[in-house]
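**Student:** Here's a structure for you.
The values are calculated or read from the model by the stated rules, or taken from the named source; none is laboratory data. A quick note: this is a predicted structure, and the numbers were derived from the prediction, not measured. Backbone-built Cβ (ideal geometry, glycine too); neighbour counts: all protein chains shown. Surface accessibility is based on the protein's heavy atoms, side chains included, excluding ligands, DNA and RNA. Shrake-Rupley method; radii C 1.70, N 1.55, O 1.52, S 1.80 Å.
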Amino acid sequence: MASGQIKSWIRNAALVAAIAMPLAAAAQQAVVSAGGNLRAGPDRTYPLVAQLAPGTPATVMGCVSSYSWCDVVVPGGVRGWLSGGRLGYAYQGVPVPLLSIGAMIGVPIITFSLDSYWGNYYRDRPWYSQPRWWGGRRPPSMDGWRRPPPPAATWRPHEPPARWHPPGVRPNEARPAARPSAARPQQEPGRRPPERRRDDSQDNRR
């Protein structure tokens with residue numbers, strides 16, 4: 001293979017990779033469809049971590065089995081749990097609730113462990129050391145702790161079946177073409193149509 005062809009192939013491969021990587025990153029991004037509270041666990045009773053505005057991008061790490069709560073990472077590297085009903089993915093250009101499409105696009109099912117989750121992300125929070133969250137146990141020590149860097153999702157959404165459509169989204173149906181109407185002769189303005197002539201033979205019969 002000539003050196004010119006090798007260079008051309010390398011340039012094309014680099015261009016494809018440069019285009020594909022942002023698309024892959026964008027594909028896994030969900031959006032907060034309605035403002036919501038980011039919690040420290042998959043329930044409203046857990047402490048508040050942050051308040052999210054509508055349109056906030058969120059990387060979904062996984063959800064509980066019912067997709068009612070999802071573990072997400074939002075801008076700034078803040079991690080927490082958000083109600084699945086407040087997350088949406090774009091499906092054929094239409095925002096669809098994650099509750100309706102989560103299983104179809106392959107969102108991972110995960111479990112929640114307060115010990116490991118709080119120990120990794122919330123040791124600097126004021127409610128971390130409150131005894132009621134630990135059931136009388138002592139929380140892990142805060143000595144030498146550093147918040148880990150924001151994780152990257154290890155999964156990629158895949159396309160749902162071709163014939164599947166989420167609730168409220170109808171497939172584009174072809175409308176029947178309008179039938180052409182029969183053309184009618186137009187009359188000149190101010191001109192009366194010709195009168196119909198009577199048959200003389202009918203007059204003679206009277």
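**Student:** Please verify whether the stretch 92-113 includes one or more residues that are touching a Leu at 6+ places or on another chain (Cβ under 7 Å), without any contact (Cβ under 8 Å) to a residue 24 or more places away in the chain and closer than 19 Å to V32 by Cβ.
**Tutor:** no
**Student:** Please find, among P139, P149, P131, the residue that is open to solvent by 50 Å² or more (accessible area, probe 1.4 Å), under 16 Å from A40 (Cα atoms) and at pLDDT below 90.
**Tutor:** Sole residue among the options that is open to solvent by 50 Å² or more (accessible area, probe 1.4 Å), under 16 Å from A40 (Cα atoms) and at pLDDT below 90: P131.
**Student:** Which of the residues spanning the stretch 73-95 are open to solvent by less than 70 Å² (accessible area, probe 1.4 Å), part of a strand (DSSP E or B) and not aliphatic (A, V, I, L, M)?
**Tutor:** Start the filter on the stretch 73-95 by keeping residues that are open to solvent by less than 70 Å² (accessible area, probe 1.4 Å), which leaves 73-74, 77-85, 87-89, 91, 94.
Those still in the list that are part of a strand (DSSP E or B) too: 73-74, 78-83, 87-89, 91, 94.
Result: R79, G80, W81, S83, G88, Y89, Y91.
**Student:** Scan the stretch 26-42 residue by residue and report those that are part of a loop (DSSP other than H, G, I, E, B) and at pLDDT 95 or above.
**Tutor:** A40, G41, P42
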